[in-house]
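Report on one structure; see the data block that follows.
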Amino acid sequence: MPLSCKLHKVDAKVESISLNDSIYLKDGAKIESGYIICEYKRGMKDGLAVLKEDSLLKVGFFKNDKQIGIWHSYDKNGKLIKISEYTDGFLFKYYTIENGRISKTTVLSPNF
């Protein structure tokens, strides 16, 4: 399940992230909600990524333009609310977090 969002290729490093506002880069640039900050290799997303959608923040990794591994989702107060597992760009499992504990595990069937 690929992300559907506006992409913003950024070479600068992230300086700070405010969940209630925007993402700021070391050069002072402000990235608005809905954008993704990611490392790029050979024109593809590859490495650490930060996605801000309104008051939700997602942090994870890309490899060859596909989401991989563990992604963490935080609410506007910085509280962890979901942990998602991706393989080759497909979401296959996620954990809903409530009160600091896993309250629900959802396993999805792959669409390979």
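Assorted remarks:
- Over 18 Å between alpha carbons, listed pairs 66/93; 79/104; 52/104; 58/93; 82/104: 52/104
- As a length-normalised measure over Cα pairs under 8 Å and 6 or more apart, the relative contact order of the stretch 62-112 settles at 26 percent.
Here, each number is a calculation from the coordinates, and none is a lab measurement. Here the structure is a predicted model, which is why all the values come from computation and not from measurement.
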